[in-house]
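What follows is calculated from the coordinates using simple rules that are stated; it is not laboratory data. Remember, it's a predicted structure, so these values are computed and weren't measured experimentally. Neighbour counts run over all protein chains shown; Cβ positions are idealised from the backbone, glycine included.
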Amino acid sequence: MTDYVMIADSLRFQRGNRLILDVGSLKIQRGKVSAIIGPNGAGKSTLIRILNLLQKPDAGSVSMFEDSHTELEKRRRMALVMQNAYLVNGTVRDNVAMGLRFRGIGEVDRRVSIWLERLGIASLAHRQARSLSGGEAQRVNLARALAIEPEVLFLDEPFAALDRESKSILIKELRDILKETEQTAVFVSHDFTEVLYLADWVYALQDGRITQEGTPEDVLVYPERVDLAKFVGIENLLPGRVISVTDRVSWKSDSGMVFQLPYREVKEGEYYLALRPETGRIGSQEGFSVSGKVIDMTPEGFNLGILVHVDNMVFKVLTQPNFAYQQLMGQVIDICWDERFIHLIEV
């Protein structure tokens, strides 16, 4: 039987006449990491504050722990790490100990020492906290939260202010900590790499409502809505319609091309063909393959985006840079997707 540490039911929150949040049900599983994703203004931070008992909803309830406990007692069993590390005057050790002292938890020195060491900041223990770099300060912030051994750890975009290198290292360390300690955590992020790396379960929040939940692959590769697909970075969204379903699915693009796709439980009607650029590759294979002319190539971080024109449609694949690809501009090439990455979204 699934063990939920927190259950939110029928949450509503308004600001003036504007509905900020309308969440029917949300369950946080003990020992797992849940991610909340959504565009700016979707209500993510409001939802985190309500779950953390820092904001009262206009309607609905949040059940957690033993409901006989007071609100203050429940809040003391949770911790919140924000995007910016709010450190007070004093040493690093003083800051890490703060949450323990506020809660009257014993073994302060032992717990502080453990987490200073675990997060690689033991050598900074006697430094003034406000003299630290951004990455160091966020490590102190995390150590302070983890030292109280919270039943639920809330993380509101904790890596957003860090540089790429600091962020990459800290995400890996945090993932190891969360897995080793079986720490229940809820985090908000705009970075889908973080979601794939850290989360066990994902809630997609749009216009204050949860529009989809599932594993990271469910939400990021197989979104159920076109607007969610655009948000999670599926740039290949091609309009068309399913014209027949047998042991294969016949899908006809708006430009008139007919493709035989692997069987899906769909019906005849209008569907977008949705393909993540990262899951495509140059070449042909069984699944979904097209041939077309390379019309553009753009660097995207450590990847190369290749745009291929196919019969009034443009497909994009993301691939590792290769010197040989410099010769592809204007050439006709094959691009393909494995069957498991082919997705149809009903209009």
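Take Thr298, Thr91 and order them by how many other Cβ atoms sit within 10 Å, fewest up front.
Exposure proxy ranking, most exposed first: Thr298, Thr91.
Cut-off is 10 Å between beta-carbons; in what order do Met329, Met313 appear when sorted fewest neighbours first?
Working: Met329 12, Met313 18.
Starting with the residue having the fewest Cβ neighbours, the order is Met329, Met313.
Report the charge-dipole magnitude of segment 234-346 in Debye, nearest 20, computed about the Cα centre from +1 at each Lys and Arg Cβ and -1 at each Asp and Glu Cβ. Mind dumping the intermediate values first?
Working: 10 positive and 15 negative charges, 17 e Å.
Here the size comes out at about 80 debye.
What does the charge add up to near Arg276, with Lys and Arg as +1, Asp and Glu as -1, over the other residues with Cβ less than 10 Å from its Cβ?
It works out to a net charge of -1.
Name the residue farthest towards the positive end of the dipole of segment 207-343 from the options Ala229, Asn312, Trp251, assuming +1 on Cβ of Lys and Arg, -1 on Cβ of Asp and Glu, about the Cα centre.
The residue sitting farthest along the positive end of the dipole is Asn312.
Which one of Glu151, Glu268, Glu235 has the biggest mean-square fluctuation once the chain is modelled by GNM with Cα springs under 10 Å?
Glu268
Please report the antiparallel percentage of DSSP beta bridges with both residues in segment 4-221, rounded to the nearest 5.
55 percent
Would you mind ranking Leu344, Leu198 by Cβ crowding within 10 Å, fewest neighbours first?
Leu344, Leu198
To make sure I understand the rule: partners must be aspartates and glutamates, Cα under 12 Å from the Cα of Lys32, and not fewer than 8 residues away in the same chain. Which ones qualify?
The qualifying aspartates and glutamates are Asp3, Glu151, Glu180, Glu182, Asp200.
Using only C-alpha positions, report the orientation-averaged shadow area of the convex hull of the chain, nm², one decimal.
Quarter of the Cα hull surface area: 21.8 nm².
Can you tell me the relative contact order of the chain? Whole percent, Cα pairs under 8 Å, sequence separation 6 or more.
Working: 693 pairs, mean separation 53.0, N = 347.
Across the chain, relative contact order equals 15 percent.
Using only the Cα atoms of segment 171-226, build the gyration tensor, take square roots of its eigenvalues as a ≥ b ≥ c, and label the shape rounded, prolate or oblate: rounded if a/c is under 1.5, else prolate if a/b is larger than b/c, else oblate.
Taking the square roots of the gyration eigenvalues as a ≥ b ≥ c, segment 171-226 is prolate.
Suppose we keep just the alpha-carbon trace of segment 1-136; what are its Rg and Dmax in angstrom?
Calculated on Cα positions, Rg and Dmax stand at 17.9, 52 Å.
Take the alpha-carbon centre of segment 319-347, take the same for segment 233-258, and report the distance between them in whole Å.
Comparing the Cα centres of segment 319-347 and segment 233-258, I get a distance of 17 Å.
Only residues of segment 116-141 count here: report those whose backbone N is under 15 Å from the spot 7 Å along Cα→Cβ of Asn89, or say none.
Residues 128-131 fall inside that zone.
To the nearest Å, what is the center-to-center distance of segment 163-220 and segment 85-162, using C-alpha atoms only?
So the two Cα centres are separated by 21 Å.
Per-residue ellipticity at 222 nm for the chain, helices alone: DSSP H runs ≥ 4 residues times -39500 (n - 2.57), over residue total, nearest 500 deg cm²/dmol?
On the way: 9 runs with 87 residues, N = 347.
Only helices count here, giving -7500 deg cm²/dmol.
Let me know the charge dipole size of segment 4-221 about its Cα centre in debye, to the nearest 20, where only the beta-carbon of Lys, Arg (+1) and Asp, Glu (-1) is charged.
The calculation lands at about 640 debye.
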